[in-house]
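Read-outs: derived from the displayed coordinates by stated rules, not from any lab. Values in this document were obtained by computation on a predicted structure and should not be read as measured data. Virtual Cβ from ideal backbone geometry, glycine too; neighbours counted across all protein chains shown.
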């Protein structure tokens, strides 16, 4: 049978083995957590490198959306400029011919008033689309120079001999060069039309591609949260296992220390009550555990901030697409208002030239312009019914009166009778001029309304581009700072996990042991003091 000493020694050996097993489990759990903390940090850094790629994709989409907006405005501008070239060419030709046929000097003024605007329009086209302008100049420069020379000659002759001036402006040479110029204008309009169609096709696939890219970038950022969350969960689980292992080990070590200290004090003092209230309690609310939990919550907040940063350019891209769709009516109104101005001049000039020249070809030209005029008016109603209604209210009566007088003059244009001549003169009378002024006022109001809408849209577009640049800078800052903090937090978590080594554990154990021994020392000191006091009292009593 084992003696009490041997039994106590066996108990201590069993306790030591149990403590050693707990320590081994604790070290293994802590090493596992430390290794995974390093893996967690590396993966966090790697995943954060994917974030800037998605950000770069979003910024590229935002930049291209702005470029597409500028390209759309440029296409609208050159389309309007091509309409202006056709208009000014028509005005110059008709003014010169009207001057030669009628001798009315107001057409001379009309001619020179439109020379500078035409040159300005051609310069604008050369600045915006130099390749198209070069092709147009190559095709028309010779014919245009000859036409200018013939028109200058006719303008000079119109002051003295309108018959010779008319012969110059209706000669085969003038008609040939005019045909070459019109062919060049057709090529110009065709090339600009090709640019417009190419832009529309590009805009169509861009409308599909840009949201797809934005969704891809945003979804990729959201998907990246999944591995980040999985890594955080696993690190949290391993850290919890390491903490539990340390708690079990610390509790067992403290219990053993307290038991052995109590045995020593009891052997010396004969009392086991000194350990009352002094229990080896451990808590899972240690500072490092609270810090780790707070770092985990902070990491999730950082990820949400980064996600919000990604949401900004994504939202801006969708707003840019919406604005691109909203720009179409304004752009179409700009082009069709130019058409209305052109066909108004074309109808009036062809009718008047028919009346003055008695050439039925102008009647045919007039009828050829009627359908486009109607189509341009219908296009206004398609893109803005309110604006079209206002224009129709202002001009419908005048247009009906003008059409009636023009048709009357056209019917009499091929006749040589004096009555037909009087019917042709109606196009230069006060009634015609009055209705013409009413329609011109309506056209001017239409142009003003369209111009105001275009200015408002361009102002809004400029404000949106400015705001989007600021928001993109803020978005980039948020994403970069969030990624930096995410990496810093991962580094902090790794350092916190790895640094919990044996020195901190042994320091805690030593602190607990010193407290226990200090308590025993205080107890024994109090016992010695009581014995001394009792001895003194006994001596005094004996004496």
**Request:** Would you mind getting me the FRET efficiency between residue 118 and residue 318? Use the beta-carbon distance for r and R0 = 51 Å, nearest 0.05.
**Result:** 0.75
**Complete:** Rounded to one decimal in nm, the spacing of the 7 Å Cα→Cβ label points at residue 491 and residue 426 is 9.1 nm
**Request:** Specify the inter-centroid distance of the range 386-403 and the range 73-89, based on alpha-carbon positions, in whole Å.
**Result:** 24 Å
**Complete:** Dividing the mean separation of Cα pairs under 8 Å (6+ apart) by the residue count of the range 319-389 yields a relative contact order in percent of 36 percent
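Give me 425, 384 ranked fewest to most by other Cβ atoms within 10 Å of their Cβ, as a rough exposure proxy.
Ranking 425, 384 by Cβ neighbours within 10 Å, fewest first, gives 425, 384.
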**Complete:** Here the gain from full extension of residue 28 to residue 106, 0.36 nm per residue of separation minus their alpha-carbon distance, amounts to 17.7 nm
**Asked** Quick one: if you stick a label point 7 Å off each Cα along the C-beta vector at residue 128 and residue 382, how many nm between them?
**Response** 2.1 nm
**Item:** Full-stretch length increase - residue 233, residue 187 - with 0.36 nm per residue and alpha-carbon distance subtracted
**Value:** 9.8 nm
**Request:** Compute the label zone of residue 194 within the range 109-140: residues whose backbone N is under 15 Å from the point 7 Å along Cα-to-Cβ.
**Result:** 129-139
**Prompt:** Relative contact order for the range 117-242: what is it in percent, counting Cα pairs under 8 Å that are at least 6 residues apart?
**Reply:** 21 percent
**Residue-span extension gain [residue 452 to residue 53] - 0.36 nm each, minus C-alpha spacing** = 139.5 nm
**Complete:** Once both label points are put 7 Å beyond Cα along the C-beta direction, the residue 17-residue 462 separation in nm becomes 8.9 nm
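Restricting to Cα pairs below 8 Å that are 6+ residues apart, what does the relative contact order work out to for the range 19-500? Please round to a whole percent.
Result for the range 19-500 is 24 percent.
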**Message:** Based only on other Cβ atoms within 10 Å, what is the fewest-to-most ordering of 254, 38, 294?
**Reply:** 294, 38, 254
**Request:** Quote the FRET efficiency, to the nearest 0.05, computed for residue 411 versus residue 215 with a Förster distance R0 of 41 Å and r equal to the Cβ-Cβ distance.
**Result:** 0.05
**Request:** Neighbouring Cβ atoms within 10 Å as the yardstick, rank 228, 456 fewest first.
**Result:** 456, 228
